[in-house]
Amino acid sequence: MPLDMGTRMSRRRLLLAGAGIMGTALVGRLVPGHGDPVAGASPVSVAASGGEQQVLAGDSGGGGAASSMCLGAALFEATLHGDETLVLPAVDRWREVTGFYPAILPLWSPFDLELPAPRGGIFPADWLLQGLRERGVEPAVFAHSADEARWKTHGYEAILRGERDEALEAWGIAAAAYGHRLILRWDQEMNGEFPWSDRPAREYIAAFRHVSDRIRHVAGARNVELHFCPGLRGGGPGLDTVESYYPGDEWCQHAGFDGYSRTEEWIPLAEQWGPIIDRLGTISRRPILVGEFGRRIDLVDRDGWLTTLADVRGVAAAIYFDMNLPFFEAPSNHWLMDRPMREVFASLPRCRTVRVGPKASPSPAPSAEPSAPPSTGPSIKPSPSTDTMPFTAPSPSAGGSAAPSAAPSASAMPRA
């Protein structure tokens, strides 16, 4: 999440407003800017409604045909609001005004056993994840380590002492039970304005690797793929941060960045993003996912700026931050798309689709009772490593396209 100069809120307030942790974006395993598969990896498909799968083909990195990427959106109801019953209606409204479902939807989910969960559990509800997947939307989870007030007890030193292992492993067990590919963006913009920002690189790397090991190996959630995501800053310092803070391909399954347009005279996205894409290509062979991008609502020619996304090469997926943050006074950190931008977004080349055979995939009804916490016993088996296994998308029932699940009523929704 960006912070405009001169309008910064307290770090504690910001973190509490977006208290959350992790999210999935489904992207292919392609060498950034080349389109060649990473050794031992498989292309990845994104579930789509109507018996199709969106397949991320990547791009060749050269001229000619327009680049295609998976286009996602961050919505207030899903990202910062905290009420799961609002998510599916919000996604359906987004489709009505845009013409397609976002390929990726970030969810913010509580990541602390000591805090009440605003969504009824430490992991997103099964009915919500299923409803998104039926719509062809990959639910993504975004995470952070700690807010400023609890940094001493929950920050990097506490993580490295093992004091956060219980929470990490509990979330990992729940993720393993979910079983589908989950991309976890953890402690984004370490070069930004957050409590975890601008910490020594060795501390960030050690904590990142520890989080990866506890979730993917100890808890057995090999379906979780971690996303390294610095903020795109002007000039050299941002690029230096990318190079010195990268934990390594063994612990990162996706690389990327957050990048915004805040100036009246805009720069084409291929030009703005090009240096950081090139730098990531020198330190990682992982696919590039843009975790957040947007252009502020008070700036001119926003639709013209967005059209330049079609010229970007070397990016597998990008998530537009389609919301106005209510705890900032406009126009600071207000990025909501207007109608011309939505028309442009819908016209951009997107993930290719291929027909797949239908399979029965009934949606479980949401329970009126809160879900039991995930078991920590040995009965949970590690999910297969997604480094060597392509994603298997859900398909509609054999009778035709399955109707997307509706959100449960407020009375049926577990309350914290």
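Computing FRET efficiency as 1/(1 + (r/R0)^6) for ASP83 and ASP298, where r is the C-beta to C-beta distance and R0 is 30 Å, gives about 0.55. The alpha carbon centroids of the range 283-304 and the range 181-245 are separated by 19 Å. Subtracting the Cα-Cα distance of ILE283 and ASP338 from 0.36 nm times their residue separation leaves 16.1 nm of extension gain. Compared with the direct C-alpha span, the chain from ARG93 to HIS217 gains 40.8 nm at full extension, assuming 0.36 nm per residue. Here the simple spin-label model places points 7 Å from the Cα toward Cβ, and for GLU203 and SER244 these points are separated by 1.4 nm.
Need the full-extension length gain, ASN324 to LEU160, defined as separation in residues times 0.36 nm minus the C-alpha distance. One decimal, nm.
This chain segment gains 55.5 nm when fully extended.
Just so you know, all these numbers are worked out from the coordinates, no wet-lab data involved. Computed from a predicted structure; not experimentally measured. Note: ideal-geometry Cβ built from the backbone for every residue, glycine included; neighbour counts use all protein chains shown.
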